[in-house]
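Structure first, commentary second.
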Amino acid sequence: MAILKIARMGHPVLLQRAAAVPDPTAPDIRRLIADMVETMDDAAGAGLAAPQVHVPLRLFIFRVPAERSTGDADDTPTATEVLINPSVELLGTEMRLRWEGCLSIPGLRAAVPRAWRIRYTGVDAEGTPVAREATGFHAGVVQHEYDHLDGILYPMRMQDFSLFGFTEELARAAQMRAEAVAAAEQRA
Ligand code: NI
């Protein structure tokens with residue numbers, strides 16, 4: 001296994017439409033998945049798409065960390081999942097803003113509108129068909145990773161650029177807001 005180099009925003013591989021995986025259980029795909037899992041874990045990410053490691057194929061991995069799950073029945077924590085040749089269908093009209101980062105856009109975060117509920121299909125690393133519904137973080141991370149297969153990065157989905165910033169600054173601002181609220185409560 002190996003930790004792979006992650007393409008950063010500006011690299012053309014992130015803007016192209018990726019090709020279908022001809023044989024999801026081929027040895028080279030198995031090796032790619034193992035390397036992607038190691039790369040995502042090393043970077044402490046929750047999702048990684050093949051184009052982000054310079055492989056323009058329709059394949060991504062993701063997980064729902066316990067601390068990011070919304071607790072909804074279709075958004076429970078998961079181990080690392082593999083989705084090959086996926087399709088994603090948005091269910092309903094409900095959109096919510098979710099805070100996203102991307103390993104290809106290091107140091108930044110933004111609030112991005114995403115469908116709350118989706119249905120997705122594909123095959124896993126064993127070539128077994130996958131079909132499920134997801135909400136919340138699970139739905140959001142799948143939409144984010146699926147976009148990578150079509151050459152779409154999260155800033156291309158944004159509507160309010162005031163909700164875009166460096167992770168450190170956003171955390172500092174949130175901390176200052178929390179302190180202001182605590183001080184106001186103390187005065188009351
Ligand atoms: Ni990303």
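The values are calculated or read from the model by the stated rules, or taken from the named source; none is laboratory data. All of these numbers come straight from a predicted model, not from anything done at the bench. Cβ atoms come from the backbone with ideal geometry, glycine included; neighbour counts cover every protein chain shown. Accessible surface areas use protein heavy atoms only, side chains included; no ligands, DNA or RNA. Shrake-Rupley method; radii C 1.70, N 1.55, O 1.52, S 1.80 Å.
A compact table of results
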| read-out | value |
| --- | --- |
| Longest segment of the chain lacking trypsin sites (Lys or Arg not before Pro) that sit in a DSSP loop with at most 14 other Cβ atoms within 10 Å | 18-188 |
| Candidates 173, 26, 46: whichever shows maximal mean-square fluctuation once the chain is modelled as a Gaussian network with Cα springs under 10 Å | 173 |
| Per-bin percent of Cα-Cα distances, the chain [10 Å] | 9, 35, 36, 14, 5, 2, 0 |
| Table column - 3J(HN,Hα) (Hz), the range 75-83, Karplus curve with 6.51, -1.76, 1.60, x for Gly and Pro | 9, 7, x, 10, 6, 5, 10, 10, 10 |
| Relative contact order (%) - the chain, alpha-carbon pairs under 8 angstrom, separation at least six | 23 percent |
| For residue 130, solvent-accessible area (1.4 Å; no DNA, RNA or ligand), Å² | 40 Å² |
| Distant-in-sequence amide H partners of residue 21 (H built 1.01 Å from N, under 5 Å) | 58, 85 |
| 69, 162, 104, 87, reordered so the largest accessible area comes first (probe 1.4 Å) | 162, 87, 69, 104 |
| Tilt relative to the chain, helix 167-187 - C-alpha long axis, 0 to 90 degrees, to 10 | 30 degrees |
| Built amide H within the under 5 Å cut-off of residue 130, gap 5+ | 122, 123, 124 |
| Helix 27-42 vs. the chain, principal-axis angle (Cα, 0 to 90°, nearest 10) | 20 degrees |
